[in-house]
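Quick notes on the structure that follows.
Please treat every number below as a calculation from the coordinates, not as lab data. Keep in mind that this is a model prediction, so the values were computed, not measured. Counting neighbours? That spans all protein chains shown, and the Cβs are built from the backbone with ideal geometry, glycine included.
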Amino acid sequence: MAETILEVKDLVKHYPLTQGVLFKKQVGAVKAVDGVSFQLDKGETLGIVGESGCGKSTLAKVLMNLERATAGQVLFKGEDISRLSGAALKSVRRNIQMVFQDPYTSLNPRMTVGDIIGEPFEIHPEVAPKGDRRKAVQDLLDVVGLNPEYINRYPHQFSGGQRQRIGIARGLALKPEIIICDEPVSALDVSVQAQVINLLEQLQGEFDLSYMFIAHDLSIVRHISDRVGVMYLGKIVEIGTDEQIYENATHPYTQALLSAVPVPDPAARESRERIILSGDIPSPANPPSGCRFRTRCWKAEERCAEEIPLLAIPTTLEGPAAHDSACHFAEVRESAAA
Ligand code: ADP
Ligand code: MG
């Protein structure tokens with residue numbers, strides 16, 4: 001069985017809502033991430049999908065320790081890293097890097113590409129001592145398919161796809177074991193998206209990387225993911241392998257997302273029934289009781305308002321390939337398969 005590199009248990013991130021002159025009185029909380037559990041195996045890609053605002057970036061930031069978890073655990077190779085600080089945190093951070101969504105704003109326009117990619121070496125000089133840095137950065141440029149001679153150029157001299165390659169090179173600089181990609185291609189043209197995804201796949205094999213790949217759209221993660229977790233209002237509502245999610249989704253929310261994915265085959269498109277969800281996503285500061293999806297769900301009954309549907313805790317499952325759906329009435333939608 002594959003080695004589990006990251007295990008997340010009941011992770012919670014609440015942002016306090018405050019009031020009063022000095023914002024001292026807490027009047028509630030935005031439940032951005034509210035009890036998320038999953039595991040990531042070495043060399044695997046886990047896709048995380050959900051509408052804007054469902055907590056994907058917050059989850060990424062808490063995993064990276066850029067934000068402190070309110071509760072729960074993040075185990076990196078069995079060690080809880082969610083409460084580390086100082087030198088211990090710094091040493092773990094080397095192993096988990098992030099690639100951000102917007103290649104136009106995530107790169108400092110006043111820094112050269114060489115300085116951007118080499119910046120992580122300032123914090124971890126042991127990876128590339130000063131004399132070796134230029135060469136290390138040029139090697140990284142080469143690895144992501146950019147001309148090493150571009151080292152002194154500035155971000156505005158590159159296209160969107162090239163900038164995302166720069167972001168990826170920076171993410172690789174410290175030779176991490178895990179890269180969390182937060183909507184890495186969402187801001188790019190469709191033709192460029194495929195190139196960047198292909199590059200990420202190639203690098204995964206070359207450097208033995210484990211990926212979390214965040215997107216707001218199921219069609220983007222399909223190609224790259226081994227497994228997919230679907231998020232709704234701070235929770236994972238369904239998780240499974242590619243096949244389990246794309247062919248046999250059992251959660252109504254996943255089924256609705258899938259019904260919106262474009263299909264190339266016109267016959268299949270004709271026979272497919274599009275599920276239009278009613279209403280907006282409720283506020284994460286005041287989520288519905290019971291099942292959070294029930295206010296938009298066509299299957300919802302009284303029970304859904306009273307009882308929270310739970311995913312089994314991952315450690316009780318037979319390995320990460322298990323398919324799980326947080327719905328009281330989970331079943332494959334027959335009409336979708338026709
Ligand atoms: P996603 O990446 O899925 O679009 P986010 O994780 O960015 O979602 O946001 C989840 C929820 O948490 C949203 O309602 C957002 O407004 C809220 N949120 C994110 N960051 C903060 C913050 N620093 N303070 C308060 N609320 C926040
Ligand atoms: Mg986001």
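Here are the numbers for the structure shown:
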read-out	value
With Cα atoms, 0 to 90° folded angle of helix 160-172 axis to the chain main axis	80
Helix-derived mean residue ellipticity, 222 nm - over the chain, DSSP H n ≥ 4, -39500 (n - 2.57), to 500	-9000 deg cm²/dmol
Rounded tilt (10° steps) of 113-123 against the dominant C-alpha axis of the chain	80
0 to 90° range, to nearest 10: angle between helix 190-207 axis and the chain longest Cα axis	70
Contact order normalised by residue count of the stretch 252-338, Cα under 8 Å, 6+ apart, percent	29
Space enclosed by the convex hull of the alpha-carbon atoms of the stretch 92-152, per residue, Å³	101
Cα pair distances of the stretch 252-338 binned at 5 Å [whole percent]	3, 12, 19, 19, 18, 15, 10, 4, 1
If the convex hull is drawn through the Cα atoms of the chain, its volume per residue in Å³	161
Gain on full stretching of the segment that runs from Q19 to A194 - 0.36 nm per residue minus C-alpha separation	58.4 nm
Local electrostatic count, V192, Cβ distance below 11 Å [Lys/Arg +1, Asp/Glu -1]	+1
Alpha-carbon centroids, the stretch 180-194 and the stretch 224-238: separation in whole Å	18
Whole-number percent relative contact order across the chain, with pairs defined as alpha carbons under 8 Å at least 6 apart	20
Label point distance in nm, A285-R272, each placed 7 Å from Cα along Cα→Cβ	3.7
Gyration tensor over alpha-carbon atoms, the stretch 188-279, equivalent ellipsoid semi-axes in Å	25, 17, 12
Trypsin sites (Lys or Arg not before Pro) restricted to the stretch 1-109 and DSSP loop, no more than 12 other C-beta within 10 Å	K24, R68, R83
Karplus (6.51, -1.76, 1.60) ³J(HN,Hα), θ = phi - 60°, over the stretch 58-73, in Hz, Gly and Pro reported as x	4, 4, 4, 5, 6, 4, 7, 6, 7, 10, 7, 5, 6, 7, x, 10
